[in-house]
Amino acid sequence: MKNYNIAVAYILILLIAAHVAAPEAYHWQQHTISQLAAQAYANAWIMRLGFIGFGALVQVAGVTRIRLRPRLWYREVPILLYGLAILLSGIFSTEPFIEGVPYSLQEARLHSIFATAAGVMLTLATLLYALTDAPASRRVVHWVALVLITVVSFLFGTNPAIGGILQRLLWVVCFAWLVYLGTGEIPKRSEAIAR
């Protein structure tokens, strides 16, 4: 697996399943994707599997890409860390979306830390690709993705009433960017070493 398409397809399937299983109290326009894996929620296992599997698949793809093109390892490392942070955010869940339900504040804080780390690592990876990818036309796509990720992240943090919509838009941009990485030709390891 040299690209991230399988990881994106996997999480999209589980995202759809988690939305289908969500109760009426869950409002996708306001509630986050993380809340589909919230503590004290019976169907949280669906989205938890989504986060854990997606994170693991991103790491497998990242390691494969590093092996194929070792001299550009520094571009993939933030994506590996992004995958790890997403995986850990599936282990440590956020607070429930229904008020008054008891939950672990410490676990919710850990989830928040890992979710934030995932965003920072993906932003760093996008920046590194924007600075180093060839040809220049590909760098333009990375710069556009970086601007969109930054702007939507800012809006997400300042507009909680539509947080669900903004977070989903952010995920769409991230998924599209990860899939775009797979459209570039990755030379075989022998070719990469020869360069």
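Would you confirm whether any residue within segment 49-66 is among the aromatic types (F, W, Y) and either more than 27 Å from I33 (Cα to Cα) or surrounded by fewer than 20 Cβ atoms within 10 Å (Cβ to Cβ) (or both)? Even if it seems obvious, please write down each step before you answer.
First pass over segment 49-66, keeping only residues among the aromatic types (F, W, Y): 51, 54.
Among the residues that remain, those that are also either more than 27 Å from I33 (Cα to Cα) or surrounded by fewer than 20 Cβ atoms within 10 Å (Cβ to Cβ) (or both) are: none.
No, there is no match, as no residue in segment 49-66 is among the aromatic types (F, W, Y) and either more than 27 Å from I33 (Cα to Cα) or surrounded by fewer than 20 Cβ atoms within 10 Å (Cβ to Cβ) (or both).
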Regarding A130, is this residue part of a helix (DSSP H, G or I), under 29 Å from Y26 (Cα atoms) and among the hydrophobic types (A, V, I, L, M, F, W, C)? no
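Hey, does segment 73-84 have a residue that's in contact with a Phe, Trp or Tyr (Cβ under 7 Å, 6 or more places away or on another chain) and either buried (at least 19 other Cβ atoms within 10 Å of the Cβ) or not basic (K, R) (or both)?
In the first step, residues of segment 73-84 are kept if they are in contact with a Phe, Trp or Tyr (Cβ under 7 Å, 6 or more places away or on another chain); the result is 75.
Narrowing further to those that are either buried (at least 19 other Cβ atoms within 10 Å of the Cβ) or not basic (K, R) (or both): 75.
Within segment 73-84 (the criterion being in contact with a Phe, Trp or Tyr (Cβ under 7 Å, 6 or more places away or on another chain) and either buried (at least 19 other Cβ atoms within 10 Å of the Cβ) or not basic (K, R) (or both)), the answer is yes, since at least one residue qualifies.
Filtering segment 172-182 down to residues that are touching a helix residue (DSSP H, G or I) at 6+ places or on another chain (Cβ under 8 Å) and within 16 Å of L15 (Cβ to Cβ), which residue is surrounded by the fewest Cβ atoms within 10 Å (Cβ to Cβ)?
Of segment 172-182, the ones touching a helix residue (DSSP H, G or I) at 6+ places or on another chain (Cβ under 8 Å) are 173-182.
Within this subset, residues satisfying the condition of being within 16 Å of L15 (Cβ to Cβ) are 173-176, 178-179.
Working: V173: 21, C174: 22, F175: 19, A176: 13, L178: 22, V179: 15.
Once the filter is applied, the top-ranked residue is A176.
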Exactly one of T158, T64 is farther than 25 Å from L15 by Cα and among the β-branched types (V, I, T), and that one is T64
Look through segment 133-171, keep the residues that are free of Cβ contacts under 8 Å to residues at least 12 places away in the same chain and not in a helix (DSSP H, G or I), and return whichever of them is surrounded by the most Cβ atoms within 10 Å (Cβ to Cβ). N159
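Since every read-out is calculated from the coordinates, none of them should be taken as a lab result. Since this is a predicted model, take the numbers as computed values, not measurements. For neighbour counting, all protein chains shown are included, and Cβ atoms are generated from backbone atoms with ideal geometry for every residue, glycine included.
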